[in-house]
Every structure is written in C-alpha cells, then in structure tokens.
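What follows draws every value from the coordinates through simple rules; no lab data is involved. Only a predicted model underlies this, so the values are computations on that prediction, with no experimental measurement involved. Neighbour counts are summed over all protein chains in view; Cβ atoms, including those assigned to glycine, are modelled from backbone coordinates with ideal geometry.
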Amino acid sequence: MTNKVKDIWDAVKSETGGSGFRRVDVEHILDFYAGVDPLSRFTLLLITKENPGVDLELQSVKIHTVLREDGRWSLLFILEQPDLFELFRLFCEDLISSSRQCMDKSKGLSFVLARLVSWRLLFERGNLGLLTESQVRGLSGELLHLKTLIEIIGAPAAIQSWKGPDQADQDFQFEKLAWEVKTIWPSINEVIIASEKQLDYTHRELQLVVVQLGQGTENTVNGFTLNQLVNDVRKLLKSDFETYSSFENSLLKSGYSALPDYDSQVMILYNIIHYNVVAGFPCIRPQDLALGLSGVKYKLNLNNCTPFQI
C-alpha cells in the first residue's frame, strides 16, 4: 500500500499531536518512512544497512545520519525552512517514486545519493522551477527524438547521447554524429540558432531535427502532455536501472519535476523533419566569424533548407 508523503505528515500531526514516523510503502524495495521529528519538522527517513556517508548539503534541508541500535543506519531529510514545503514534498516524493524501479536493494542508497546531487540546484533556486511553455515544448521535442533513438540504437546508448540537459552545443552527441533538435509551431518556418557552435559540423556529422508540435485539448486524438511523454520514456527503461537513473538525473538537470501544471498543456505531433547540416547548409560556424566575434544568435529560415532535407 502506498501512502502519499503529505498524507502521512498530516496524519502524524493530527493523530499524535507530536512526532512519529510511518512506512511510506511496504511494497517499495527501500525502507522509506515519512514523519515529523520532535521539533515538529517534516522529515523523510531512509533506513539502510550501509553508512550513507553523505557529504552534501541542500539549502533549507538538513541531512542527518544516525547509527541505529539494530546496526542499521537512518538517513534523515529534515525541512528547516517551512516556506519551501511544496518543493520539499516534491523532493521526497521524487526520491520515493524514482527509486521504485530499483530491483536490487544494494543499489538503492547509491541511487538516492546521486539523486540528491541533481536536486541541489532546485533547492538553490528556492522555487519549483516551473518550466515555461517554450521550455516544455523544447523538452518535449528532445524526448520525442530520444524515443526514436531508443528504438533504433537501444536505451543505454540513446540516454548516454542526450547532452541537452548538460548545455552541450548539440542536444544529442556521439563521437562522430550529433543531432540538434528544434521545436516549432506548425505555422512557423524558422528556428533560432543559439550560437555559432550549434550547427558546426566540423568535427562530427550533424543533423538538424525540426519537431512540429501543435496545441491540443484533453479530447485531442493522439494528444499528449510532457508528463505523459516522460512516463512513456520511463516505461522503455524499466528493465535497465542504471540507464533509468541516468535519464532521471537528466530530467532534473532540465528543470523537470512531475508537476500537475504540465497536465494542462496538451500537444500534438504534426511532423518531424530531418536536415543534413553539411557544406552549403545555411549556418554560421566559428570559422565564419571575424577574430574577436563570438556568441552569435540568429534565425534560420527553413524554406532555404529544403535541398538538405532527408
């Protein structure tokens, strides 16, 4: 049985009038407990056989380890700044839900600790980091291309190639091949190129992938949301926990957490167009710029790219 973290916190406060902990999910492979500490602070507790050895701080969250009398260790996450309650709730639910795919209990602690590193940025921002409409569409375009790569080359290689969350020059990179993904409205015929390096094909073969996404409603046939798209990719990774973990960390780097706000933004896929970025393709590369110039941002008219369409 699964109990929402917030429900447990509310129950502990109302029923005990003080502190206490309850198991979050008896079917979860990891021993997560939610509760309230003696100072009335909301807390998430993970009990492990190993010493967590945490050398990390989260802004407004105290991370504390205690050796238990039974020889196991308690790893506690304690909210110290109440106005960040909603972010802390999402953090706790994410640690629980994202580790649910772990089938090997011995790997659970290392996954949770790696997840902490990815969450640190969101706590430093001090807010939910809600993605803008443009960012939701852009991330959706990358995830659609990621699904295609998974089908072609397999999940481990596809996830490893996804470099957009790391702010790389192209969204997907291998040693000798890269893809830059741009998401546009169906009526738009141009994309914005963020730098002179984004379409630089000097060191590897490069394709420009243009994803045309329209706006739908909850009744739109074949419509989807960002949350649904994320879950679709997760299903493809269920059998490979290491790859799944890498994907989850990349999502956090992208600023994504599973917020209900994203359920109202329904999209529909119109088309995906690929272009070979080769000699003659209309683009600006570093060697095209005069000495001292950099950081070029420009618009690319896709009508002039038709000869390079794959």
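What to note about this one:
- Under a model in which nothing but the beta-carbon of Lys, Arg (+1) and Asp, Glu (-1) is charged, the range 133-308 shows a dipole of about 200 debye around its Cα centre.
- The range 185-281: trypsin sites (Lys or Arg not before Pro) in DSSP loop, at most 16 other beta carbons within 10 Å: R204, K238
- Charge tally around R204: other residues with Cβ under 11 Å, Lys/Arg +1 each, Asp/Glu -1 each, net -3.
- Screening the chain for whole DSSP H helices with an alpha carbon extent of at least 15 angstrom along the helix axis and a mean Kyte-Doolittle hydropathy of at least 0.5 yields 85-98.
- Centre-to-centre separation between the Cα atoms of the range 263-290 and those of the range 117-167: 18 Å.
- Take the Cα of D104, step 7 Å toward its Cβ, do the same at E80, and the gap between the two points is 3.5 nm.
- Ordering T202, T243 from the fewest to the most neighbouring beta carbons within 10 Å gives T202, T243.
- Cα-based reach from K176 at 19 Å (exclusive), listing lysines while leaving out same-chain residues under 8 positions away: K163, K197
- The range 133-308: relative contact order as a whole-number percent, Cα under 8 Å and 6+ apart: 29 percent
- In the chain, a dipole from Cβ-located charges (positive for Lys and Arg, negative for Asp and Glu) runs towards its positive end, and of L131, L177, L84 it is L177 whose Cα lies farthest in that direction.
- A full extension of the chain between D232 and A258 corresponds to an added length of 8.0 nm, given 0.36 nm per residue minus the alpha carbon distance.
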